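These notes are about the structure you will find just below.
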Amino acid sequence: MTLQFNDETFRDDYSFHNSERAIKRFPFPFDKDSYMYAVNMEQHRGGPSDSIYEKRFDVDEHYVSEMRDRAMVLADDPLRCQSLPHMTLAGWDLLELIMVSKSEDYPDLFELHRDGDKWHWVNKPLGIDDHFTFMDGTTLPYGPMEYITRQTQGDFCVLDQRDDNLWMDAGTITTQADWSLDFDIGMNFFEWHAPVPLAHEKGIFVRALKFLLNIQQGAPARRLNWTMTVNPLLDTSPENYHKWGIQKTSLTPENIGAKQHLRVELQTFFRLPRSNALVFPIRCYLCAFQDLMTVPKWGRRLHRVIRDLPEELATYKGFIDNRPMMLDYLSKFDDGLPTSNGIWPEIDSEPPLKSD
Amino acid sequence: MPKFEFPTSILSRPVYGVLEARAGHQHLMIADAEGAEAILDIATPDLMAKTHIIYIPKGTDFADELRALNPAQFYQGPSYAASVSRIQRVLQDAAMGLQLYLAGTEGLMGQVQSEAMKAGIPHTAIQTEHRGSTARRMQCVHCKGITEDVATDPFQCSHCNLNLFVRDHYSRRIAAYQAVCIDAEDPGYVPAQKGLYE
Ligand code: HEM
């Protein structure tokens, strides 16, 4: 199918919206009626047709507008994109991985022509047509990581692997769930995860790191993570929290369906060939409560998950104050019927909402 | 002065030990304020004959006692800012096997550690001992400005004037804890200041 790109904003008037297709393929992150941190990782080897798992780097209707938003964030704050000096090779690895993947997975949108180290890259949605020399930074307008991540949805952490640990030594981070690349750069896996509650005690990070250190080239992995965001704001950074924090207090019972968004991150893990670095794309998908509620299974389940979520997690994720209002809204979509296992919407088999 | 026991915290928060004399031909000890006492505790004439001490009194009067240890080299600096280029210079040609000892406030130890890492000394090879003030070196996550010697929570950013709360999340590279706006969701409502650890 040909993709129509939305002309929309993730700030000010928040004209962001999901088409019916985008709602149906939204990565609803709960496979059962409750949620707790776990080492929830699986191979990233495609998925159902047209699902967000199908391609290595999913391109959707928000692509062009998201890239416009990223450019604005970087113009305001260049520290959102940083690469320590030893990470340049990993940047080229990443540029290659994305260009090859996108040109193979979306040949009508992206083209890569290679003649030795003379590369020709065509990005039709963004109107880019560049010739450059692979591994020669002077032939690109930005460093290789910045160049390609300005053209790819999702945040990117590039992790150096040494001393049996991963080190956050480069990244482009403009759509983050309230953490700072500038502060965390140079930290190891346990240090940047330090603020997360409960998971350290459960041994989750020790096991997760072991898994990540062993990821092989050509065998990427993935997991989902989630939080809540009022308004479809991509840049929920700590840097700008003094500006956007107030929006959390703007929810009312009347506007919550439209304003409250479930924010889901598709996190993938790829080993890079030359640098042996690991790249961690964090792709953010937003969906308004009222759109989620069009899927009966998700309505029932979201109410149960949010109701039973441990207080530590609701606090860490920043919605503890709004939880009662969310539950008032969500409870109307929970008729108590059982739900089927798994994250998929099951529109055809799941019963419609029983109203009394 | 009794030593302060920091409560256990998250994994990015530094933990400090107790200095002990190690074997080596070259010893560099950098301290501020009450950190002098940690040096006095391990000093022997033999060790001092191989030791370079860099000391920033911060209004205390331990300098004469340190000088009386007769170290191979002694420098007293009026402030960290005034001493940092000297510290960088000394770290630059620190031979392999240099023993580095840091003592005093978290701000001093953190900043020297960050310089040492830039000079190629792994942070795990550096000994540290906290003494004296428990005030913290804080970075405002909003404007990136550093406020030194923060002893209360919340506090006001010395650069952008936002009211900030004190987190335990710590960056070794920046040598500071993270500070975040406290009244973003309720502008103007700033809770009364309390001392750290109170
Ligand atoms: C190397 C890749 C990874 C990177 C760069 C990364 C980065 C981060 C960052 C920056 C945070 C925010 C911490 C804060 O509050 O400041 C976070 C949160 C978290 N991470 Fe990771 N992470 C990675 C892999 C993983 C893996 C494999 C797991 C598997 C269990 C995991 C589990 C979590 C959890 C549970 C949270 C809390 C999220 C929430 O409740 O919203 N991370 N991660």
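Please label the shape of the range A:4-118 as rounded, prolate or oblate, based on the square roots a ≥ b ≥ c of the eigenvalues of the alpha-carbon gyration tensor (a/c under 1.5 means rounded; beyond that, a/b larger than b/c means prolate, else oblate). Before the final figure, lay out the partial values.
Values: a/c = 1.38, a/b = 1.22, b/c = 1.13.
Here the range A:4-118 falls in the rounded category.
Using 0.36 nm per residue of separation minus the Cα-Cα distance, give me the extension gain between residue A:200 and residue A:84 in nm, one decimal.
On the way: separation 116, 0.36 × 116 = 41.76 nm, distance 2.74 nm.
Gain on extension, residue A:200 to residue A:84, equals 39.0 nm.
If a/c stays under 1.5 just call it rounded; otherwise compare a/b with b/c (prolate if a/b is bigger, oblate if not). Do that for the range A:168-222, with a ≥ b ≥ c from the square roots of the Cα gyration tensor eigenvalues. List each step's numbers first, then the result.
Details: a/c = 1.90, a/b = 1.13, b/c = 1.69.
Note, shape of the range A:168-222 comes out oblate.
For the protein assembly as shown, what is the largest minus smallest coordinate of the Cα atoms on each principal axis, given in angstrom and ordered from greatest to least?
Rounded to whole Å, the extents work out to 85, 62, 39 Å.
Give the dimensionless ratio obtained when the Cα radius of gyration of the range A:212-356 is divided by 2.2 N^0.38 Å.
Numbers: Rg = 17.8 Å, N = 145, 2.2 N^0.38 = 14.6 Å.
In units of the 2.2 N^0.38 Å rule of thumb, it is 1.22.
Can you list, largest first and rounded to whole Å, the semi-axes you get for the range B:136-195 by taking the square root of 5 times each eigenvalue of its Cα gyration tensor? Show your work: numbers first, answer last.
Values: eigenvalues 66, 28, 19 Å².
For the range B:136-195, the semi-axes come out at 18, 12, 10 Å.
For labels at residue A:210 and residue A:321 in the simple 7 Å Cα→Cβ model, what's the distance in nm?
With each label point 7 Å from Cα toward Cβ, the separation is 4.1 nm.
Taking every alpha carbon pair in the range B:81-125, what does the distance histogram look like in 5 angstrom bins from 0, in percent?
Over the range B:81-125, the share of Cα pairs per 5 Å bin runs 5, 22, 35, 27, 9, 1 percent.
Could you state the number of Å between the C-alpha centres of the range A:31-74 and the range B:64-122?
After rounding, the separation between the Cα centres reads 48 Å.
Using modelled backbone amide H atoms (1.01 Å from N, in-plane), which distant-in-sequence or interchain residues come within less than 5 Å of residue B:74's amide H?
Answer set, sorted by chain and number: B:53.
Mind listing the phi-derived Karplus ³J(HN,Hα) values for the range A:301-318, rounded to whole Hz, using 6.51, -1.76 and 1.60 with θ = phi - 60°, and x for any glycine or proline?
6, 4, 4, 5, 5, 5, 4, 9, 5, x, 4, 4, 6, 5, 5, 4, 7, x
Take the alpha carbon atoms of the range A:206-254, find their radius of gyration, then divide it by 2.2 N^0.38 Å using N residues; give the quotient. Numbers along the way, then the final one.
Values: Rg = 17.7 Å, N = 49, 2.2 N^0.38 = 9.7 Å.
Compared with the compact-globule rule of thumb, the range A:206-254 sits at 1.83.
May I ask you to list the GluC sites (Glu not before Pro) in the range B:1-108 that are in a DSSP loop and have at most 12 other Cβ atoms within 10 Å of their Cβ? Could you put the intermediate results ahead of the total?
Details: sites: B:5, B:20, B:34, B:37, B:65, B:106; in loops: B:5, B:20, B:34.
Here the sparse-neighbourhood loop sites are B:5, B:20.
Would you please name the trypsin sites (Lys or Arg not before Pro) within the range B:69-169 that are DSSP coil residues with at most 10 other C-beta atoms within 10 Å of their C-beta? Each step should come with its number before you reach the end.
Values: sites: B:86, B:89, B:118, B:131, B:136, B:137, B:144, B:167; in loops: B:131, B:144.
Qualifying residues, ordered by number: none.
Report, in deg cm²/dmol and to the nearest 500, the calculated mean residue ellipticity at 222 nm for the protein assembly as shown, where each DSSP H run with n ≥ 4 adds -39500 (n - 2.57) and the sum is divided by the residue count.
On the way: 18 runs with 144 residues, N = 554.
Value at 222 nm, helices only: -7000 deg cm²/dmol.
From the C-alpha coordinates alone, can you work out the Kirkwood hydrodynamic radius of the range B:27-130, in Å?
About 13.4 Å for the range B:27-130.
Cysteines of chain B lacking any other cysteine beta carbon under 4.7 Å?
Singleton cysteines: B:181.
Could you give me the ³J(HN,Hα) list for the range A:30-40, computed from phi with Karplus coefficients 6.51, -1.76, 1.60 and θ = phi - 60°, whole Hz, x at Gly and Pro?
For the range A:30-40, the Karplus curve yields 10, 8, 8, 7, 9, 9, 8, 4, 7, 7, 8 Hz.
Is the range B:92-161 best put as rounded, prolate or oblate by its Cα gyration tensor, with a ≥ b ≥ c the root eigenvalues, rounded for a/c under 1.5, and otherwise prolate when a/b is larger than b/c, oblate when not?
Working: a/c = 3.93, a/b = 1.89, b/c = 2.07.
Because a/c hits 1.5 or more and a/b fails to exceed b/c, the range B:92-161 counts as oblate.
Filter the trypsin sites (Lys or Arg not before Pro) in the range A:17-120 to those in DSSP coil with at most 14 other Cβ atoms within 10 Å of their Cβ, and list the result. If you can, show how the numbers build up before the last one.
On the way: sites: A:21, A:24, A:25, A:32, A:45, A:55, A:56, A:68, A:70, A:80, A:102, A:114, A:118; in loops: A:25, A:32, A:45, A:55, A:56.
For trypsin sites (Lys or Arg not before Pro) across the range A:17-120 that sit outside H, G, I, E and B with at most 14 neighbouring Cβ atoms in 10 Å, the list reads A:32, A:45.
Going by accessible area, probe 1.4 Å, with all protein chains left in place, what is the ranking of A:315, A:174, A:133, largest first? Spell out each step's value before the answer.
On the way: A:315 80, A:174 0, A:133 25 Å².
Per-residue accessible area, sorted high to low, gives A:315, A:133, A:174.
Using alpha carbon centroids, what distance separates the range B:41-62 and the range A:187-216, in Å?
40 Å
Mean 1/r over all different Cα pairs, inverted: what Kirkwood radius does the range A:20-333 give, in Å? Don't skip to the end; give the middle numbers.
Numbers: mean 1/r = 0.0489 Å⁻¹.
One over the average 1/r among Cα pairs gives 20.4 Å for the range A:20-333.
Determine the distance separating the Cα centre of the range B:159-193 from the Cα centre of the range A:6-26; give it in Å without decimals.
Centre-to-centre distance over Cα atoms comes out at 33 Å.
Report the antiparallel proportion of the DSSP beta bridges in chain B as a percent, rounded to a multiple of 5. Could the numbers behind the result be given before it?
Working: 12 of 34 bridges.
Taking every DSSP beta bridge within chain B, about 35 percent pair in antiparallel fashion.
Provide the net charge surrounding residue A:174, with neighbours chosen by a C-beta distance below 15 Å and charges set as Lys +1, Arg +1, Asp -1, Glu -1. Display every interim value, and only then the final one.
Details: positive: A:11, A:68, A:70, A:80, A:150, A:243, A:263, A:283; negative: A:66, A:69, A:76, A:77, A:146, A:155, A:178, A:182, A:184, A:235, A:239, A:265.
Spelling it out: positives minus negatives among the neighbours equals -4.
Between residue A:294 and residue B:149, what FRET efficiency follows from the Cβ-Cβ distance if R0 is 41 Å, with the result rounded to 0.05?
On the way: r = 55 Å, r/R0 = 1.34.
Efficiency at R0 = 41 Å is approximately 0.15.
Treating the angle as unsigned and between 0 and 90°, give the value, to the nearest 10°, between the Cα long axis of helix B:80-92 and the longest Cα principal axis of chain B.
For B:80-92 against chain B, the angle is about 50 degrees.
Treating only the Cβ of Lys, Arg, Asp and Glu as charged (+1, +1, -1, -1), what charge dipole size does chain A show about its Cα centre? Round to the nearest 20 debye. Before the final figure, lay out the partial values.
On the way: 38 positive and 55 negative charges, 156 e Å.
Roughly 760 debye for chain A.
Mind pulling the angle between the C-alpha long axis of helix B:106-118 and the longest principal axis of chain B? Nearest 10 degrees, somewhere in 0 to 90.
Orientation of helix B:106-118: about 70 degrees from the principal axis.
Taking a temperature of 25 °C and a viscosity of 0.890 mPa s, what whole-number D in µm²/s does Stokes-Einstein yield for the range A:114-240 with Rh from Kirkwood over alpha carbon pairs?
141 µm²/s
Counting C-alpha atoms alone, how compact is chain B: give Rg to one decimal and Dmax as a whole number, in angstrom.
17.6, 60
What ³J(HN,Hα) values, in whole Hz, does the Karplus curve 6.51 cos²θ - 1.76 cosθ + 1.60 give for the range B:9-16 when θ = phi - 60°, with x put for Gly and Pro?
8, 6, 5, 7, 6, x, 10, 10
The values are calculated or read from the model by the stated rules, or taken from the named source; none is laboratory data. All of these numbers come straight from a predicted model, not from anything done at the bench. No Cβ is skipped: glycine too gets one built from the backbone with ideal geometry, and neighbour counts run over all protein chains shown. SASA here: full protein model, heavy atoms, side chains in, ligands and nucleic acids out. Shrake-Rupley method; radii C 1.70, N 1.55, O 1.52, S 1.80 Å.
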